Each structure stands twice: as structure tokens, then as C-alpha cells.
2 protein chains.
Amino acid sequence: MTQAQILSKNQQIVLDIIEKARGPLKAYSILFNVQKKGINAPQQIYRALDKLIKLGKIHKIESKNAFVACRNTDCEISKATAFSICENCEMVDEISDTKLSKYLTSFNKKGMKFKRFNLEFFGLCKKCK
Amino acid sequence: MTQAQILSKNQQIVLDIIEKARGPLKAYSILFNVQKKGINAPQQIYRALDKLIKLGKIHKIESKNAFVACRNTDCEISKATAFSICENCEMVDEISDTKLSKYLTSFNKKGMKFKRFNLEFFGLCKKCK
DNA sequence: ATTATATATGTTATATTATAACACTTTGTT
DNA sequence: AACAAAGTGTTATAATATAACATATATAAT
Ligand SMILES: [Zn+2]
Ligand SMILES: [Zn+2]
Ligand SMILES: [Zn+2]
Ligand SMILES: [Zn+2]
């Protein structure tokens with residue numbers, strides 16, 4: 001049984017903001033939102049983000065340089081991530097599909113066994129199409 | 001039959017450098033390499049990169065903010081990309097796997113049909129493991 | 001051939017994203 | 001208590017990317 005991780009003050013502040021957000025947040029937009037809470041410098045944000053990513057609490061959307069909360073309890077800590085991204089609005093949805101995940105986790109190429117993957121799908125969401 | 005695309009001067013310069021490179025190149029490293037050829041500003045690089053991406057001649061490795069030449073003749077112009085990336089050295093290999101590509105191209109979620117995807121696998125390459 | 005249209009270029013300035021380095025504090029272990 | 005590990009605050013700077021504007025070249029119509 002894994003111990004519930006206790007987050008530090010800054011880590012909790014950053015996670016709260018990302019979890020409350022309706023879409024992906026950028027590091028500097030997080031920074032502007034927490035200056036009232038005494039966080040003043042990008043480093044403080046990036047350090048919290050790095051830790052939260054390692055813990056699997058959030059993920060980075062690489063194509064957007066933005067961060068979303070993980071809504072996926074059985075998400076193998078940042079090892080296998082897939083997202084659907086609307087090219088029109090900002091919507092990002094984490095895909096939780098066991099078949100897809102198994103298929104990709106067991107995928108290997110030229111004897112190279114992968115430790116991790118990130119998959120980003122692009123299209124138009126329901127609202128936008 | 002699609003007409004072979006004729007590239008502009010700057011586009012050709014940038015493509016040549018990326019094709020010659022053994023690994024992914026970053027925009028500013030391209031810039032430093034072409035200053036002898038009269039290209040002086042990041043804009044000139046980024047504009048060429050944008051066009052080359054649209055043409056499917058190169059791809060962006062989102063997790064590295066770097067660019068690689070497409071070695072894949074049947075690569076559907078930037079619509080379906082997959083890469084294997086070594087976490088130790090800089091090695092990036094474009095994956096050309098018809099089954100994988102078909103599986104992902106036909107993947108859809110909650111009625112959302114995707115137009116495009118990008119998949120990045122991470123691990124250790126032969127040399128590094 | 002002349003006009004129109006789209007595409008490309010050159011340039012300066014600036015915005016955005018991310019890390020380095022250092023001094024200090026808090027937390028957990030032995 | 002002594003030590004090690006993780007977290008904080010801060011200043012400075014590096015790396016990545018775009019805005020805006022003036023001009024030039026290529027392509028396609030008329
Ligand atoms: Zn997740
Ligand atoms: Zn949308
Ligand atoms: Zn390709
Ligand atoms: Zn390697």
C-alpha cells in the first residue's frame with residue numbers, strides 16, 4: 001500500500017490551481033495566479049511542477065507547454081500518457097483506455113523496450129466541430 | 001501524382017542542415033550554423049521550419065523542442081508521427097510501423113475523430129543500454 | 001505585358017518558457 | 001544532537017518563439 005504523498009506548501013498551492021482549472025495551465029499563468037500567496041519567482045513554480053510530474057499528479061502537454069491535473073487513478077505514474085487535444089479551443093482530455101495503454105506499453109522496436117510514452121491526439125472536440 | 005515541391009532558398013538551407021545532422025537540431029543551433037550563409041535572425045529559421053513541417057519534410061520532437069528530417073516516404077504529411085527517443089544520448093528515430101499507424105489513425109474517443117497524432121516513446125537505445 | 005495575389009525575405013524588437021547559482025530553512029533519520 | 005535530504009526564496013540569465021513592418025519575388029489572371 002503506497003503512502004499518500006504529503007505535498008509541500010508550494011507544491012500544494014500549484015496543484016490546487018491546476019486541479020481547479022478547466023483547461024491546461026502555463027507555468028507563467030500559474031505564477032501570476034499565486035503571487036498573492038507569496039510566490040514570486042518562476043523557479044518556485046517550475047520546482048513544484050517538476051515534483052508534481054514525478055508524482056504523477058500532473059502531466060505536461062508537450063505540444064502546448066502547459067500542465068493538466070491527472071484525473072486518472074490508475075495512471076502508471078507518468079509512464080504512459082495519452083491526451084486528446086482540441087485544435088480550436090483549449091480543451092485537453094486525458095485518455096484512459098486500457099487497450100490502448102497495453103498496446104503501447106508492450107510496443108517495442110528493434111529490440112528497444114520503452115520505459116515511457118506520451119501520445120497526443122489532435123482534432124476538434126464536440127463543441128468545436 | 002504530386003508535384004515535387006520546390007523549396008525556397010532559406011527553406012532549402014535549413015532542410016539541408018537538418019538532413020545532414022545525425023540527431024535532432026534545435027532552432028538556434030540551426031541559426032548559428034547558417035549565419036555564414038547570410039541568415040541572421042530567428043524568424044528566418046522559424047519560418048522555414050514551419051513550412052518544412054507543413055510539407056512533412058521535417059518533424060518537431062515536442063519533448064525536446066528540436067527538429068528531425070522525415071526519413072519516411074509514406075509518412076502522411078505530418079498527420080501521424082511516432083518517434084523513439086533515447087533518454088541518455090540524443091538519438092531519435094522515426095518509427096514507421098503500418099500496424100501502429102493504422103491502429104492509432106482509426107482510434108477515436110467519445111465521438112471525437114482525430115485528425116492527427118504524435119507519439120513519443122522514451123527508453124534507452126541499443127548503445128546506451 | 002500588366003495587374004493582382006500569394007509567398008518569401010530581411011530586420012528590429014519583444015514575448016514566452018526555462019534554468020543556473022547561491023544562501024538559507026525545514027523535515028526526516030541515525 | 002548531528003547529519004542528510006528536500007524544500008524555499010531570490011537574483012540573474014539562458015533558451016525558445018513570435019510580433020510587426022518594410023520590401024522583394026514568384027504565380028496566376030486579365
Ligand atoms: Zn494521468
Ligand atoms: Zn474545442
Ligand atoms: Zn515522417
Ligand atoms: Zn542512446
Checklist entry - What does the charge dipole of the range A:80-123 about its Cα centre add up to, to the nearest 20 debye, if the Cβ of each Lys and Arg holds +1 and the Cβ of each Asp and Glu holds -1? => result 640 debye
Checklist outcome for this item: Going residue by residue through the range A:92-106, the Karplus relation 6.51 cos²θ - 1.76 cosθ + 1.60 with θ = phi - 60° gives ³J(HN,Hα) values, rounded to whole Hz and with x marking Gly or Pro, of 10, 10, 7, 8, 10, 9, 4, 4, 4, 4, 5, 4, 6, 5, 8
Next on the checklist: Test of the criteria: in the range B:13-80, which GluC sites (Glu not before Pro) are in a DSSP loop and have at most 12 other Cβ atoms within 10 angstrom of their Cβ?
Outcome noted: B:76
Item to check | 9 Å beta-carbon shell around residue A:123, net charge (K/R +1, D/E -1) | outcome: +3
Checklist outcome for this item: Relative contact order of chain A (C-alpha contacts under 8 Å, at least 6 apart) in percent is 21 percent
Item to check | Helix B:9-20 vs. chain B, principal-axis angle (Cα, 0 to 90°, nearest 10) | outcome: 60 degrees
Item to check | Debye-sum result for the range A:9-69 in log10 I(q)/I(0), which assumes one identical scatterer on each alpha carbon, at q = 0.21 Å⁻¹ | outcome: -0.72
Next on the checklist: Quick query: amide H of residue A:125 versus all other amide H atoms, modeled in the peptide plane; which residues come in under 5 Å with a sequence gap of 5 or more or a different chain?
Outcome noted: A:87, A:88, A:89
Checklist entry - How long are the semi-axes of the ellipsoid equivalent to the protein assembly as shown, from square roots of 5 times the Cα gyration tensor eigenvalues, in whole Å, largest first? => result 32, 24, 19
Next on the checklist: Can you classify chain B as rounded, prolate or oblate using the Cα gyration tensor, where a ≥ b ≥ c are the square roots of its eigenvalues, rounded means a/c under 1.5, and otherwise it's prolate if a/b beats b/c and oblate if not?
Outcome noted: oblate
Checklist entry - So what's Rg/Rh here for the range B:80-123, counting alpha carbon atoms and using the Kirkwood radius for Rh? => result 1.07
Checklist entry - Mind listing the phi-derived Karplus ³J(HN,Hα) values for the range B:36-48, rounded to whole Hz, using 6.51, -1.76 and 1.60 with θ = phi - 60°, and x for any glycine or proline? => result 5, 8, x, 9, 10, 10, x, 3, 5, 5, 5, 5, 5
Item to check | C-alpha center-to-center spacing [the range B:1-60, the range A:10-85] in angstrom | outcome: 33 Å
Checklist entry - Once you put a point 7 Å from the Cα of residue A:50 and another 7 Å from the Cα of residue B:109, both along the Cβ direction, what distance in nm separates them? => result 2.8 nm
Item to check | Cβ-placed point charges (K, R +1; D, E -1), dipole of the protein assembly as shown about Cα centre in debye, nearest 20 | outcome: 40 debye
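A short reminder: the numbers here are calculations on the coordinates, not readings from a lab. A quick note: this is a predicted structure, and the numbers were derived from the prediction, not measured. We place every Cβ from the backbone using ideal geometry, glycine too, and count neighbours over all the protein chains shown.
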